[in-house]
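The structure appears right after this line, and notes come after that.
Please treat every number below as a calculation from the coordinates, not as lab data. Everything numeric in this text was worked out from a predicted model, so none of it was measured. Glycine also receives a Cβ, built like all others from the backbone with ideal geometry; neighbour counts cover every protein chain displayed.
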There are 2 protein chains.
Amino acid sequence: MATLKVDLAERSYPIYIGEGLLDQAELFQAHIKGRQVAVVTNETVAPLYLARLEAALSGYQVDSVVLPDGEQFKNWQTLNLIFDRLLECRHDRKTTLIALGGGVIGDMTGFAAACYQRGVHFIQVPTTLLSQVDSSVGGKTGINHPLGKNMVGAFYQPDAVIIDTASLNTLPARELSAGLAEVIKYGLICDQDFFVWLEANLERLLALDAAALTEAIERSCAAKADVVAQDEREGGIRAILNLGHTFGHAIETEQGYGTWLHGEAVAAGTVMALELSHRLGWIDESVVRRGCALLERAKLPVAPPAGMTAQAFIQHMAVDKKVLDGQLRLILLKGLGEACVTADFSREALQATLQARYPLFVA
Amino acid sequence: MATLKVDLAERSYPIYIGEGLLDQAELFQAHIKGRQVAVVTNETVAPLYLARLEAALSGYQVDSVVLPDGEQFKNWQTLNLIFDRLLECRHDRKTTLIALGGGVIGDMTGFAAACYQRGVHFIQVPTTLLSQVDSSVGGKTGINHPLGKNMVGAFYQPDAVIIDTASLNTLPARELSAGLAEVIKYGLICDQDFFVWLEANLERLLALDAAALTEAIERSCAAKADVVAQDEREGGIRAILNLGHTFGHAIETEQGYGTWLHGEAVAAGTVMALELSHRLGWIDESVVRRGCALLERAKLPVAPPAGMTAQAFIQHMAVDKKVLDGQLRLILLKGLGEACVTADFSREALQATLQARYPLFVA
């Protein structure tokens with residue numbers, strides 16, 4: 001088992017990474033403060049892992065909430081099912097919520113923990129690659145609004161993140177690929193060596209090689225923990241974690257949540273961010289090529305949805321959380337492994353990127 | 001104009017108290033960070049004060065949301081009207097929300113500010129006595145759930161509280177009385193001198209004497225700011241501010257939100273807390289008499305609703321936020337001006353208090 005620390009003073013917490021951690025009762029006990037626990041999961045994950053987690057929690061009052069599965073349920077109505085259950089079972093302020101599932105479950109459970117009785121404890125047990133390497137770490141929680149993704153939420157840190165790499169054995173191939181979009185992102189924004197390692201090891205990850213997965217998760221979490229420790233509430237540098245996300249969110253909003261997976265939209269958005277960075281003369285075409293090639297090997301889309309217009313992008317990007325004083329800011333690359341948050345691009349350059357011909361390269 | 005400070009390190013903020021502050025543009029300008037402002041108010045307050053506040057905010061992009069008036073609207077559905085408006089008008093992370101109204105508007109606007117894009121600025125402009133002396137100060141925000149009051153929310157401090165005492169001139173008498181319940185509370189829990197001052201000056205307050213109102217608001221806010229500075233997130237001492245509230249919340253939940261005003265329920269609940277404190281031998285009957293007499297002079301109920309059973313109280317009190325590990329804790333008095341948070345009472349004593357004959361004293 002590997003242990004990392006997210007360093008946030010009195011809100012610091014550990015990330016545990018290893019095979020079979022779901023059954024390690026003492027790991028959970030170390031981070032549960034009261035005698036009540038509520039496990040929040042979904043219809044897909046519950047049959048696979050809920051009974052095992054409940055077994056590890058024997059000795060506590062455990063109440064479980066099984067939500068419908070999918071980004072389209074990341075809303076007020078579903079969030080309220082968690083509050084209903086907590087109140088019906090009379091959970092008090094010392095209760096601990098455990099998120100067992102992917103990013104949607106983690107984001108909603110974290111937000112429920114932030115709001116229930118104005119804040120209770122919670123533990124992340126991410127079961128998808130995407131949530132293991134990204135959304136479970138850093139304290140961003142929330143739900144979607146019909147007019148924008150993650151528009152309602154809180155910065156609220158978990159008490160621990162417990163990553164059982166064995167849970168990836170049941171993950172659909174499409175979800176594994178979606179997670180790889182975020183893994184590749186870390187290489188692009190802040191870790192050139194990791195990018196080179198991924199170019200050498202991508203097929204091992206697709207084949208669920210345990211050692212390779214553990215290394216990729218650990219390096220991804222370490223990169224994220226480092227950025228979050230510098231800037232918990234995204235006043236500055238933390239925004240680089242959103243490479244490809246402004247374009248990607250626009251794709252998700254346009255398609256309706258749940259059509260493309262988040263990681264798929266991010267992959268296409270990353271290609272667009274690379275295209276714009278190159279158009280501005282900040283990176284060589286070779287970096288765009290290597291990024292596209294790696295995403296494609298990970299079986300991810302490298303083009304926005306056919307028929308999505310530049311106008312549709314502009315409209316959705318105007319409500320992005322990185323807009324300040326009417327000015328859109330984007331995450332772009334200054335080099336491989338070097339991202340920046342910038343508004344230093346012309347409307348014409350952005351327009352050209354939105355209208356460029358994708359895929360950029362034909363194999 | 002009087003200025004107090006709520007001392008919470010980097011989350012410290014001023015409370016301004018005075019006549020006509022609603023028109024003082026420079027007070028608002030000093031606490032607005034971006035160029036966008038959203039005023040949240042209700043159908044009762046909007047015709048009285050919205051145009052004046054909007055005039056004071058000229059130069060900003062001002063978008064206003066007028067919500068229905070009443071505790072029964074303090075829920076998800078109404079909260080979402082705020083998010084809808086913010087997103088429709090493309091408010092970004094630098095926006096400032098202004099709560100113009102009573103406690104319901106303040107609690108909902110504060111919670112909306114806590115959650116919108118994971119946290120934006122907000123200013124409290126309380127227009128009722130109750131919100132001026134209590135709910136606008138201290139950062140408790142939230143909404144109700146059908147199974148419990150204020151069960152979903154956040155600790156989120158405003159950037160400033162701006163109290164225009166002139167707004168009390170349009171306040172219905174019943175609402176003025178409801179606010180006095182919280183004013184009297186401060187005397188009972190932590191300020192015997194203030195209680196004596198209230199015994200001498202209550203009729204001046206009921207007659208809207210400006211000097212008396214300013215003094216009562218200032219002393220109440222100072223008491224609250226002092227307690228909140230000691231214990232922002234209610235780990236301990238802050239709970240004393242809830243004298244009468246556990247009984248009161250049970251009354252509100254049983255009646256359906258909006259039947260009794262919050263302050264009315266708190267008044268009846270305070271009588272019950274005094275009764276139990278006396279039953280336990282902690283305070284003299286004279287303190288119970290003086291408390292009941294002052295509440296009655298303030299035209300507040302000194303008995304729970306006719307027909308509300310002990311069983312109904314017990315059922316609603318079991319989901320109170322002060323329940324820990326199944327143990328109900330109450331705020332009781334050890335003397336006039338001296339409150340404590342305690343679970344040190346028998347089930348029988350509580351039962352006897354719930355079944356006692358109210359009103360306790362017949363004039």
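Table for the structure above
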| item | result |
| --- | --- |
| Built amide H within the under 5 Å cut-off of A:ILE98, gap 5+ | A:ALA38, A:VAL39, A:VAL40, A:ILE123 |
| Residues in the stretch B:108-145 that a label on B:LEU48 would reach, taking backbone N under 19 Å of a point 7 Å out along Cα→Cβ | B:108-109, B:124-137 |
| Pairs of alpha carbons in the protein assembly as shown whose separation is greater than 33 Å (percent) | 52 |
| Burial ordering of A:SER131, B:SER286, B:SER136, fewest other beta-carbon atoms within 10 Å first | B:SER286, A:SER131, B:SER136 |
| Shape of the stretch B:2-170, Cα gyration tensor, a/c cut at 1.5 | rounded |
| Percent of beta bridges antiparallel (DSSP, the protein assembly as shown, rounded to nearest 5) | 45 |
| Global form of chain B, assessed from the alpha-carbon gyration tensor, a/c cut-off 1.5 | prolate |
| Other copies of A:GLN77: label-to-label distances in nm, shortest first, labels 7 Å along the beta-carbon direction | 1.4 |
| Inter-probe distance in nm under a simple model that places probes 7 Å from Cα toward Cβ, at B:ARG289 and A:GLU88 | 5.1 |
| For chain B, share of DSSP beta bridges that run antiparallel, in % to the nearest 5 | 40 |
| For the axis carrying chain A to chain B: nearest C-beta residue of A, whole Å | A:TRP76, 3 |
| Out-of-range pairs (alpha-carbon distance over 29 Å; input A:LYS140/B:LYS140; A:LYS94/A:LYS140; A:LYS33/B:LYS185) | A:LYS33/B:LYS185 |
| ³J(HN,Hα), Karplus 6.51/-1.76/1.60, whole Hz, each residue of the stretch B:239-247, x for Gly, Pro | 4, 4, 5, 9, 3, x, 7, 5, 4 |
| Fluctuation leader among B:THR270, B:THR109, B:THR253 - chain B, Gaussian network, Cα springs under 10 angstrom | B:THR253 |
| Modelled FRET efficiency - R0 41 Å, B:LYS334 with A:GLN61, Cβ distances, 0.05 increments | 0.80 |
| Estimated [θ] at 222 nm from DSSP helical runs (n ≥ 4, -39500 (n - 2.57)) normalised by residues in chain B, nearest 500 | -13000 deg cm²/dmol |
| Per-residue ³J(HN,Hα) for the stretch A:72-84, Karplus 6.51 cos²θ - 1.76 cosθ + 1.60, θ = phi - 60°, Hz, x for Gly and Pro | 5, 9, 7, 9, 3, 4, 6, 4, 5, 4, 5, 4, 4 |
| GNM top mover of B:ALA30, B:ALA99, B:ALA154 - chain B, alpha-carbon springs below 10 Å | B:ALA30 |
| Convex hull of Cα atoms in the stretch A:310-349, direction-averaged projection (nm²) | 3.4 |
| GNM top mover of A:PRO126, A:PRO172, A:PRO304 - chain A, alpha-carbon springs below 10 Å | A:PRO172 |
| Pseudo-label separations to other copies for B:THR259 - Cα-to-Cβ vector, 7 Å, nm | 4.9 |
| Nearest-first distances (nm) between copies at A:GLU338, label 7 Å from Cα via Cβ | 6.8 |
| Inter-label distance for A:ARG174 and B:ASP226, nm, one decimal - labels placed 7 Å from Cα along Cα-to-Cβ | 6.3 |
| Cut-off under 5 Å, modelled amide H: who pairs with A:GLY142 long-range | A:MET108, A:PHE111, A:ALA154 |
| Paramagnetic reach from B:LYS299 (point 7 Å along Cα→Cβ, amide N under 15 Å) across the stretch B:207-233 | B:207-209 |
